[in-house]
Amino acid sequence: MDSFDLIVVGSGPGGYVAAERAGALGKKVLIIEKEHFGGVCTNRGCIPTKSLLNSAKLYAHAQDGKQFGVQAQSVSFSLLDAMAWKEETIRTLRSGIEFLMKSNKVQTVFGEAQFLDAHHVQVGDTVYEGSYLIIATGSSPFVPPIPGSKLDHVLTSDGILEIKEIPSSLVVIGGGVIGIEFASFFSMIGTKVTVIEMMSEILPMMDGEFAKLMRRELKAVDFHLGCKVEEITPESVLYTDAKGEKKSIAASMVLMSVGRKPNTQGLEKLGLDIDRRGVVVNDRMQTNLATVYAIGDVNGRSLLAHSASRMAEVAVSNIFGSRSMRMRYQAIPWAVYGNPESAGCGITEAEAAKLGIPVKSQTVQMRSNGRFLAEHGKKGAGLVKVICHAQTGAIVGVHLLGPYSSEMIWGASALIEAELRVQDVKEIVFPHPSVSELIKDACFQLDHTL
């Protein structure tokens, strides 16, 4: 029987980072993957959606380039070519992960893992032994038991990434990150898109002012908020609106994007504590079994690829490293890569009120910024909001809507993680011209003193 210091099950952004970090420490590591390197993020999530969104944004920019001196005739969008580019991107990243495993001497086995106990995992007829086990099995799209949800034209985020033709109309059930990114993509390439959301606003983690602006800027998308889908037929989606009235919308395709569920099936023999979110872990990512850790979507604490990667580092540190790392959630950034982009980190004003935290905030328009104005004009939409503690001045939230939001938000994460105050940020030199200067502008509006 082959024995390892660590067995990792799942090779998504949690699993492969855990294997890489442990391998770099000289540990004997086995990673087990049932399909392809990269997990959902690389193959059916973050990467393919960003590839398609980039293609759609290039198409939209080509159509709207006249004001910037770029005139293009007969611009068209090829879904087949965009899908081919997406697949090439995926294959390249898979190869990159494979290289990381080999360069860190991580042994790889492809196949379905069967968990026998805390130290033994079987793949096929072979049993592997490990001193420690990291479970990184991810999550799957959740499909609620709505009548008609199993019809052929009803797809999840997995299936819609494989379509061959652009649908004439699309109804997106769910106004979260996945739903809004696909709504943005399809609306840019000519599909008539409708979003039905049960809550009173889309993107529940987003500042309310920003969510409203996001809806306004997705001009080709119809939104129906506070609505409950009752049934899906081959031709339409039937729902009850916010006033209790029965309505229907024609749809040639339906995207079900109401959330994800942790992949906990097959873990029964381990005797793990599992709650409604997933495998229960502490801030070290350790389960109720001392040698078993769970990271990423399977523990349900933060369903983001970068959260999974950080969880991997925390777990490996507590198994083989300093054992001082803890998982902290107050400065995990999020991003929505639609058109426009948006991102945030920390709390909103509404969340601060619920927590009883006294705060003050300032919002600045992106059009007041030199680079934004040069590239998007006076009519371009964009906001930056900085929220700080009313007494200490410590920054507790930063929210962005507009171009480059996803590339700037790491800085906000650093400010919040380091517990910097408004006066500290005012002393940082930002590059000019850059849209990031707006963060400093908002800080000066919060505190004019020098």
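Any read-out appearing in this document is the output of simple, stated calculations on the displayed coordinates, not a laboratory observation. Predicted model only: the values in this text are computed from it and were never measured. Note: ideal-geometry Cβ built from the backbone for every residue, glycine included; neighbour counts use all protein chains shown.
In nm², what is the average projected area of the convex hull enclosing the Cα atoms of the stretch 334-446?
On the way: hull surface 26.5 nm².
That works out to 6.6 nm².
State the antiparallel share, in %, of DSSP beta bridges confined to the stretch 154-258, rounding to the nearest 5.
On the way: 9 of 25 bridges.
Counting DSSP beta bridges with both partners in the stretch 154-258, the antiparallel share is about 35 percent.
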Practice problem: State the antiparallel share, in %, of DSSP beta bridges confined to the chain, rounding to the nearest 5. | Solution: 55 percent
Exercise. Please work out the C-alpha center-to-center distance from the stretch 400-449 to the stretch 39-110 and express it in whole Å.
Key: 29 Å
Quiz item: Would you list SER317, SER257 from fewest to most Cβ contacts within 10 Å?
Solution: SER317, SER257
Quiz item: Cα atoms only, the chain: Rg and Dmax in Å?
Solution: 23.3, 70
Quiz item: Rounded to two decimals, what ratio of Rg to Rh does the stretch 43-176 give with C-alpha atoms and a Kirkwood Rh?
Solution: 1.10
Practice problem: Let me see the pair-distance distribution of the stretch 217-295: every alpha carbon pair, 5 Å bin width, integer percents in order. | Solution: 3, 11, 16, 13, 9, 7, 8, 12, 12, 7, 1
Quiz item: Ranking PHE68, PHE185 by Cβ neighbours within 10 Å, fewest first, what do you get?
Solution: PHE68, PHE185
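Relative contact order for the stretch 334-446 using alpha-carbon pairs under 8 Å, separation at least 6, rounded to a whole percent?
Numbers: 211 pairs, mean separation 35.4, N = 113.
Value for the stretch 334-446: 31 percent.
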Quiz item: Using a 4.7 Å Cβ cut-off, which Cys residues in the chain lack a partner cysteine?
Solution: CYS227, CYS345, CYS388, CYS443
Quiz prompt | Rounded if a/c under 1.5, otherwise prolate or oblate - the stretch 277-408, Cα gyration tensor axes | solution = prolate
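Which of MET205, MET253 comes first, and how do the rest follow, when ranked by fewest Cβ neighbours within 10 Å?
Working: MET205 14, MET253 21.
Fewest-to-most ranking of MET205, MET253: MET205, MET253.
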Practice problem: Grab the eigenvalues of the alpha-carbon gyration tensor for the stretch 154-258, scale each by 5, take roots, and send me the semi-axes largest first in whole angstrom. | Solution: 20, 18, 12
